[in-house]
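The values are calculated or read from the model by the stated rules, or taken from the named source; none is laboratory data. Please read all numbers here as calculations on a predicted model, not as lab measurements. Positions of Cβ are generated from backbone atoms using ideal geometry, with glycine treated the same way; all protein chains shown enter the neighbour counts. Keep in mind that these areas ignore ligands, DNA and RNA; they rest on the heavy atoms of the full protein, side chains included. Shrake-Rupley method; radii C 1.70, N 1.55, O 1.52, S 1.80 Å.
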Amino acid sequence: MPDAAKPDATTQDPVRLLDEHGARTASDRYDPLIADLDDHALAGLYEDMVLIRRIDAEGMALQRQGELALWPPLLGQEAAQIGLGRALRSDDFVFSSYREHGVAYCRGVAPVDLLRVWRGVSVSGWDPFEAGMASPQVIIGAQALHATGYAMGIQNDRERDPATPDSVAVACFGDGAMSEGDVNEAMVFAATYQAPVVFFCQNNQYAISEPVSLQTRVPLADRPAGFGIPSARVDGNDVLAVTAVVREALERARGGGGPGFIEAVTYRMGPHTTADDPTRYRDPAELELWSARDPIQRLRAHLESRGAFGPELEESVAARADQVAAELRAGCIAMPDPDALEVFADVYAEPHAELDRQRADYARYLGGFVS
Amino acid sequence: MTTMTMGKALNAGLRRAMTDDDRVVLMGEDIGTLGGVYRITDGLQAEFGERRVMDTPLAEAGILGTAIGLAYRGYRPVCEIQFDGFVYPAFDQIVSQVAKMHARTHGLVRMPITVRIPVGGGIGAAEHHSESPEAYFAHTAGLRVVSVSNPQDACTMLRQAIASDDPVIFFEPKRRYHVKAEVDDAVALTEAPALGSARIARPGEHVTLITWGGLVGVALDAALAAEDEGTSIEVVDLRSLSPVDYDTVTASVRRTGRVVIAQEGPREASIASEVVAVLTERCFAFLEAAPVRVTGHDIPYPPARLEKHHLPDLDRILYGVDRVLGRVRETGVEVSP
Ligand SMILES: Cc1ncc(C[n+]2csc(CCOP(=O)(O)OP(=O)(O)O)c2C)c(N)n1
Ligand SMILES: [Mg+2]
């Protein structure tokens, strides 16, 4: 177990287990952590990434067709999100931003539930306790503190009752979020209490139009050392490397080793959201460079090199993607607008006389139009 | 005079302010290369350079906190907060520091900081992108609060806000960014109506309808519709929410004897509540009916497809007008929605 006071020195080079052509690099440190990933498991990760990319593409299309108000695409970040999502246990708990559709998918959230908030029919799409994942956070960085507090709760519960599972809380946020006070305060709290929380930062190189160089002078993964938090910088387009570093951080946290930080170096291939026009601030050459590092192609090449990728797998995954996309589309279009009086729902947990009066007044007012 | 959108008028106002005073600096997220998510700062970084138009790290407390230091050093920072719902990380710096600095330094330190905030709903946006936080700021002594509704006011009042030695929270209603009108971006600031003044947007006799920002257009439409039924509505565009121009407002209410005030934000402890209280104190003898507030409900801003049930619309405003005119049959509705 690494000493939290002497965190791993990060390097400029991210951890990488698959090169850009899918060839496997050996690693004494990380190989044992993914020794169980056989052909079948790798094919599963491949399917997950293809499906979530398809769901994401469908989200973009539905927005363009006016079915969704907005969509923040994850294109390019599939390996980071699936690698994280599949490394978690069901009793772990994720606090994410708005872009982690892939993580939510791994938590068992139904694809159609991913769309609810973006269609504008609800402010949250699923039951956080059922999924082990909070409603996505729009306020940049706020969720890092929530994850830390949740981890402090796990710690307390384990002291009260040693039979409590050694769950871990995970905070997902972006490179831009690293500048917010909340994220930095979260790291202070996490280190102080040695809370079982993993900070998972997807450095997709941009915060809307701002390049990561505007947020930091050093690799983001170098910052946690100052808080006394061990960190790793990983190739976020390499699903094996992501799996390995996440598992390492999770095991350390479960074992009482305190928080961990992971910078997954990746790239936002799409716009920030459907409301954004990246041609105003991004060099197309950059996009080309990162296209060559496509996470799905890389795993596919690796599977091919193992003789584990054939037309059968390709076709079954494609068929599954078609099916998920069709269901998603149908489910989205069928989603009804909520009832008008829903606006008053759940504002308080307990009765509130004045709000009840407002609701009743508004109902009578609406009724007045009918009669 | 040039015809331009309110967005372009704000851009022209910024350019003019930066040209007039080289101590004016802009700070915010995505305001440089991108020109801001609403393009209000479009082209300004190319024109004035990266020192005067700063893309900041993603940290609102950082933006306002460093703006304070720049103000100490004699600069006039104009901070852009990307959306209304993202001002709260900076709230501490605004309320505890910016607002109080002049008083706590016995007037030795001025905070000529302008905080530009796209505000309000009606645009089908995601969570935290449609809020109306005016009341939080109007409640804070030391801040001036402005909310514009048309291109000329946007341009002139932004220039005035920047020129003011007091901090100004400057609200720009998103749903009005695309409204077009003739604008003179070189108006002499001393000749323009003062920053704290209200504007009679449409004269009328029977009812004073007070509003500001995003609802000014809706109020004018309501006045037009009411005219068909013989009701003459005077629409007052408050423009300045702190201080409120009570000279203009009370003069109108004393003439009409009836007042409706409409706002997007929730009702409780709001601008509408305050204005109604003051008018009741100062115009009680002139009032023919209890003042009526037409407001958003006391709820978190709802998802896009429900916002029409939150935001006052033409019908709700006219219902409020009917109430203040005593035309609403007893429906059991205690207050106007
Ligand atoms: C407190 C706050 N400030 C500003 C915004 C507006 N905003 C939304 S996303 C974003 C960029 C976030 O970048 P990053 O953290 O890198 O995440 P990414 O979008 O790249 O996944 C900004 C500035 C916000 N949502 N919350
Ligand atoms: Mg980013």
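Out of everything in segment A:325-371 that is in contact (Cβ under 8 Å) with a residue 60 or more places away in the chain and within 9 Å of another protein chain (Cβ to nearest Cβ), what residue ends up being most open to solvent (accessible area, probe 1.4 Å)?
A:D337
Enumerate the strands (runs of 3 or more DSSP E) found wholly within segment B:116-212, keeping only those where 2 or more residues are buried (at least 18 other Cβ atoms within 10 Å of the Cβ).
B:144-147, B:168-173, B:199-202, B:207-211
Which residue pairs have Cβ atoms under 8 Å apart, sit 6 or more places apart or on different chains, and have a first residue in segment A:207-226 that is assigned by TED's automatic domain parsing to the domain that holds A:A177 and farther than 27 Å from A:D276 by Cα and a second that is acidic (D, E) and more than 11 Å from ligand 2 (Cβ to nearest atom)?
Matching pairs, first to second residue: A:A221/A:E263.
Report, by residue number, each residue of segment B:65-83 that is under 19 Å from the mean Cα position of the chain (by Cα) and within 12 Å of chain A (Cβ to nearest Cβ).
Residues satisfying the conditions are B:Q82, B:F83.
What's the number of the condition A:R116 fails, among (1) within 14 Å of chain B (Cβ to nearest Cβ); (2) within 16 Å of ligand 1 (Cβ to nearest atom); (3) assigned to a helix (DSSP H, G or I)?
Here A:R116 meets the rest and fails (2).
Of the residues that make up segment B:264-274, is at least one buried (at least 23 other Cβ atoms within 10 Å of the Cβ), within 13 Å of chain A (Cβ to nearest Cβ) and farther than 26 Å from B:P193 by Cβ?
no
If you scan segment A:199-234, which residues turn out to be of a type in the set (V, I, T), more than 9 Å from ligand 1 (Cβ to nearest atom) and not in a strand (DSSP E or B)?
A:T216, A:V218, A:I229
Can you name the number of the only condition in (1) at pLDDT below 95; (2) assigned by TED's automatic domain parsing to the domain that holds B:T280 that B:T190 fails?
The failed condition is (2).
Give segment A:172-193 a look and list any residue that's more than 12 Å from ligand 1 (Cβ to nearest atom) and not hydroxyl-bearing (S, T, Y), or say none.
Hits for segment A:172-193 are A:N184, A:E185, A:A186, A:M187, A:V188, A:F189, A:A190, A:A191.
Can A:P196 be described as in contact with a Lys or Arg (Cβ under 7 Å, 6 or more places away or on another chain), more than 15 Å from ligand 1 (Cβ to nearest atom) and open to solvent by less than 40 Å² (accessible area, probe 1.4 Å)?
Taking the combined requirement at face value, the residue satisfies it.
What residue, among those in segment A:155-178 that are in a helix (DSSP H, G or I) and buried (at least 24 other Cβ atoms within 10 Å of the Cβ), is nearest to ligand 2 (Cβ to nearest atom)?
Filtering segment A:155-178 for residues that are in a helix (DSSP H, G or I) and buried (at least 24 other Cβ atoms within 10 Å of the Cβ), the one nearest to ligand 2 (Cβ to nearest atom) comes out as A:G176.
Give segment A:49-86 a look and list any residue that's surrounded by fewer than 24 Cβ atoms within 10 Å (Cβ to Cβ) and small (G, A, S), or say none.
A:A57, A:A61, A:G66, A:A69
With respect to A:R282, is the statement that it is open to solvent by less than 60 Å² (accessible area, probe 1.4 Å) and either free of Cβ contacts under 8 Å to residues at least 12 places away in the same chain or within 30 Å of B:I31 (Cα to Cα) (or both) true?
yes
Restricting the search to segment B:23-37, which residues are facing chain A (nearest Cβ under 9 Å), farther than 13 Å from A:P211 by Cα and open to solvent by 10 Å² or more (accessible area, probe 1.4 Å)?
The one that is facing chain A (nearest Cβ under 9 Å), farther than 13 Å from A:P211 by Cα and open to solvent by 10 Å² or more (accessible area, probe 1.4 Å): B:V37.
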